[in-house]
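The values are calculated or read from the model by the stated rules, or taken from the named source; none is laboratory data. This one's a predicted model, so the numbers in the text were calculated from it and none came from an experiment. All Cβ positions, glycine included, derive from the backbone under ideal geometry; neighbour counts span all protein chains shown. We work out accessible area using only protein heavy atoms, side chains counted, and drop any ligands, DNA or RNA first. Shrake-Rupley method; radii C 1.70, N 1.55, O 1.52, S 1.80 Å.
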Amino acid sequence: MAYPSDDVSVEVRTVALLGNPNVGKTTLFNLLTGLRQKVGNYPGVTVERKVGRLVGDVPLDIVDLPGTYSLSPKSLDERIAYDVLMGRIEGDAAPDVVVCVVDASNLERNLYLVSQVIDLGLPLIVALNMTDAAKEAGLEIDIARLSKRLGAPVVPMVASRNEGVGRLKYLLRQTSLPQPPKRQWTLMSAVEEPLQSLMDTLGEEVPALPAYQRFIECLHCLTNDTMLTYWAERSPAFYEAVQGLRRSLSEQKTPYQQAEVIGRYGWISPLVNEVVTRKQDPSTRSVSDRIDAVLTHRIAGPILFGVLLLLIFQSVFTWATPAMDLIEAGVVGLGDLTRAVVRPSWVADLMVDGIIAGVGNVVIFLPQILLLFFFLGLMEDTGYMARSAFIMDRLMSKVGLSGGSVVPLLSSFACAIPGIMAARTLANPRDRLITIMVAPLMSCSARLPVYTLFIAAFLPTGTVLGIFTFQGLAMFSMYLLGTAMAFVAAFVLKRIVFKGSSSFFAMELPPYRMPRLRQVAWRMVDRSKAFVVRAGKIIFGLSIVLWILARYPTSDPDLTLMAQRVAAEAAYQTTVTEVAGTLDLPASAVAAYPPLVAARTAYAHGEAPADVEPDVWVAARLLYDAEATLTEDLHRLDAAEAGYQIEHSFIGRLGHLLEPVMRPLGFDWKISAGIVSAFAAREVIISALATIYSVGDVDEDSPLLRDKLKADRYPNGDPVYTPLVAVSLLVFFVLALQCMSTLAIARRETNSWRWPAVMWLYMTGLAYLFSLVIYQGGQALGWG
Amino acid sequence: MTLNDLNVGERASIVRWDTNAPPVRLLEMGVLPGTIIEMVRIAPLGDPIAIKIRGYQLSVRKTEAALLVVEPC
């Protein structure tokens, strides 16, 4: 499968990259493949499949396998890596050669994985990375000896500096690949001997399985239940044989579960001792240790962590805002341009209000996402991320999460989208799923305009304890509510939905290192791109749907409004006729009459012209005022017309339809329609309400909108909005999932629609429940 | 004594896992009988703890540490 041939079609050689987390595997992958990468998912699972191409005389397909400490399939990542190497993935044959990336300063643990790869009987090249760190730690490695003892070529390198990678490429391109090394570690004899007969059984039962894979398969089935059940149906004889061996070994009290680990390290430890010389006293404190003494100090540690987080969020808010404003201006500008150029007008409307607004909704998140991923990347690259999990683990374990959930959840205060994406760092899939499910409860920045509008409009001003404003406290309570519910939800999910073995949490604390800005920047761009492309598609589709729902069915214009429009025009024409009369002109000539034009321009600028007849001056002012009145009336009528249209559109009707369900929460049809529109994005409720109340294009700080809301009455005279209604609405927004971007990202990260659906249901349910209790309870207590 | 009883800076050798089902992940990361470890620090909130083992630092929760029988050396 690997040789260039004489004819045109050259077969591509497949290289699998394997290694522990944090050893620079991805750095090497990027170096080898540049931008020629394709990212997808393995069939049916949420594990990412990354393949890149190294062009040349011998084209190489490089598969970046998930970082893992072992191939013993416990977690999904390990399972996939194992299946890929065994050639068991549908559509992917086994790789031609495996490059095992190893951390030179950490050889023993890294060689565990190497020993497992050797067992698979594939050609192997060991990439000994981070030799610079090893040197700094005072370690000297005899490469030649290591290579001899392993039975495979060892290529020393510093991938982050692109040193040594050339030799790897050279080896990968050779006509003949290295001979697969032989297994050298031994199992304790109590296990080794019976295992041989198991292998014979497997050979007989499953002749299709390559001989060199029998050992590892038998070993795994002996120690791992998941692996064993694979054979329960496919080869009952083998299944029974394994069960039998387990029983007899247990009776003899042989620790067969640990046999593999003991055997492997039994070979690795002496090997490493032979090959590595330590030139430094191991008890001297490294720079890393000294930094840790401060950063994980009992008191300074959490404080510094808190300060860092505050800094990050402050930066994200201050630095992202100008960029977001720029994007918004761009979107508006593009919209205006489209309206001016595209005909017919309904197509322009679809493009502007549907597509451009929808895409704009995605792109507006980019500055926040980029910045957050930048800081997250810095934390990961320096090694601080592990420390933050270390510090916070105790707190998080109380609700069934682990320290690794801290940063994703806190990122969700800015925006749940990068928060959910950051949950990838969680090794335990259950932890990761729970984190994703509760992240949207952390009050994101999109809720802020909604909080602002309703708190400012309906909650009393005034101070509490002289320092805090009532309104400020209200804002804080909203954030507190969201956070508290997130922890409760995590607790419930852990106990009820994801019952099972507790996720134990063993994590490597890598040595600190200087961040490599190029890597950080690359990852930042890569992740943001993923968001825009994947989530963007879904959001795009949904935006168009919502646009249709808001615009159709079109109704005939409201007759009252039409009449008012006619009246306004008529009033203007009357003025024109009057003016024409005083100046002795035909009405049609009034507009172009030069002295009038000049006088009106002067009046518009607030000047009194020098040489104008009093008649003309009076006429000019009359005309100008009349025009102003007409324009104002027309604007008002346009807004009212838009409000009328919305009321009779699908969304308006949906609002009316939902009203009986929403009334117990204190919401009328307009609020209900607003909530439905807000499904696109929370801030949309502001513009939806503005349209419904015919206020025109305003934002949450507009006194116009506030006044309209305050003045709104039911037919019986009761106010639509009371402080209680406002609180009920606020709480609804704290808890409800109103963001299709979040659903889209959750879909991508969990690889199914099931979890986003559950997320939407439970959050909407919570929102409804809380609003109901607050409103009804408040009414019962006489507060509303 | 167990890993939990070690003081910061103390070195010990692992005697055995006091359980029928030691956490496989920890085994694979080299936490085996006979391995020398050093207690590095306790997290600010009291859990987990960090130990030096086989040339790297590992964070272990106290519930797991309680299962590891060690002998100071």
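When we screen A:L111, A:L76 for residues that are in contact with a helix residue (DSSP H, G or I) (Cβ under 7 Å, 6 or more places away or on another chain), over 18 Å from A:M130 (Cβ atoms) and among the aliphatic types (A, V, I, L, M), the only hit is A:L76.
Scanning region A:637-646 turns up at least one residue that is farther than 30 Å from A:Y768 by Cα, out of contact with any Leu (no Cβ under 6 Å at 6 or more places or on another chain), open to solvent by 40 Å² or more (accessible area, probe 1.4 Å) and without any contact (Cβ under 8 Å) to a residue 60 or more places away in the chain.
Residues in region B:5-12: is at least one within 11 Å of the chain's Cα centre (by Cα), of a type in the set (D, E) and farther than 25 Å from A:A104 by Cβ? The answer is yes; a qualifying residue exists. When the criteria are applied in full, A:R183 meets the requirement of being under 30 Å from A:T254 (Cβ atoms) and open to solvent by 30 Å² or more (accessible area, probe 1.4 Å). A search for C-beta distances below 6 Å between a residue of region B:22-39 that is facing chain A (nearest Cβ under 8 Å) and over 15 Å from A:L111 (Cβ atoms) and any residue that is open to solvent by 10 Å² or more (accessible area, probe 1.4 Å) and among the small types (G, A, S), counting only pairs 6+ apart in sequence or on different chains, returns B:R25/A:A506; B:L26/A:A506. Give the residue that is modelled with the lowest pLDDT, with candidates limited to residues of region A:540-587 that are surrounded by 12 or more Cβ atoms within 10 Å (Cβ to Cβ) and among the acidic types (D, E). Looking at the filtered set, the residue picked out is A:D558. Only a single criterion out of (1) open to solvent by 30 Å² or more (accessible area, probe 1.4 Å); (2) within 12 Å of chain B (Cβ to nearest Cβ) is not satisfied by A:D61, namely (2).
Applying the set (1) of a type in the set (D, E, K, R); (2) over 18 Å from A:D119 (Cβ atoms); (3) open to solvent by 80 Å² or more (accessible area, probe 1.4 Å) to A:D200 leaves exactly one unmet item: (2). Being more than 14 Å from every other protein chain (Cβ to nearest Cβ), in a helix (DSSP H, G or I) and charged (D, E, K, R), is that true of even one residue in region A:416-430? Yes: one or more hits.
Matching residues to (1) at pLDDT 80 or above; (2) part of a helix (DSSP H, G or I); (3) open to solvent by less than 40 Å² (accessible area, probe 1.4 Å):
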| position | (1), (2), (3) |
| --- | --- |
| A:H297 | yes, no, no |
| A:L308 | yes, yes, no |
| A:S315 | no, yes, yes |
| A:L334 | yes, yes, no |
| A:N361 | no, yes, yes |
| A:F373 | yes, yes, yes |
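Does region A:120-138 hold any residues that are open to solvent by less than 10 Å² (accessible area, probe 1.4 Å) and assigned to a helix (DSSP H, G or I), and which are they? Matches in region A:120-138: A:A134 only.
Contact annotation: residue pairs with Cβ atoms under 7 Å, 6 or more positions apart or on different chains, pairing a residue in region A:252-270 that is more than 11 Å from chain B (Cβ to nearest Cβ) with a partner that is open to solvent by less than 10 Å² (accessible area, probe 1.4 Å), are A:T254/A:V191; A:Y256/A:V191; A:Y256/A:L222; A:Y256/A:L249; A:W267/A:S115; A:W267/A:W185. Does A:R109 fit the bill of being modelled with pLDDT under 85, surrounded by 21 or more Cβ atoms within 10 Å (Cβ to Cβ) and of a type in the set (K, R)? No, not satisfied.
Considering A:R653, A:R600, the condition of being part of a helix (DSSP H, G or I) and open to solvent by 70 Å² or more (accessible area, probe 1.4 Å) is satisfied by A:R653 alone. Counting the residues of region B:40-67 that are out of contact with any Leu (no Cβ under 7 Å at 6 or more places or on another chain), more than 8 Å from chain A (Cβ to nearest Cβ) and within 15 Å of B:I14 (Cα to Cα) gives 4.
How many residues does region A:16-58 contain that are open to solvent by less than 50 Å² (accessible area, probe 1.4 Å), touching a strand residue (DSSP E or B) at 6+ places or on another chain (Cβ under 6 Å), over 23 Å from A:E163 (Cβ atoms) and modelled with pLDDT under 80? Qualifying residue count, region A:16-58: 2.
Consider region A:139-163 and keep the residues that are part of a loop (DSSP other than H, G, I, E, B) and open to solvent by less than 10 Å² (accessible area, probe 1.4 Å). The one that is farthest from A:Y212 (Cα to Cα) is A:M157.
Can you pull out every residue in region B:4-21 that is touching a residue at least 12 places away in the same chain (Cβ under 8 Å), open to solvent by 60 Å² or more (accessible area, probe 1.4 Å) and at the interface with chain A (Cβ under 10 Å from one of its Cβ atoms)? Answer for region B:4-21, where residues must be touching a residue at least 12 places away in the same chain (Cβ under 8 Å), open to solvent by 60 Å² or more (accessible area, probe 1.4 Å) and at the interface with chain A (Cβ under 10 Å from one of its Cβ atoms): B:R11, B:R16.
Only one of these is within 25 Å of A:R49 (Cα to Cα) and not β-branched (V, I, T): A:L128, A:L150. Name it. After applying the criteria, what remains is A:L128.
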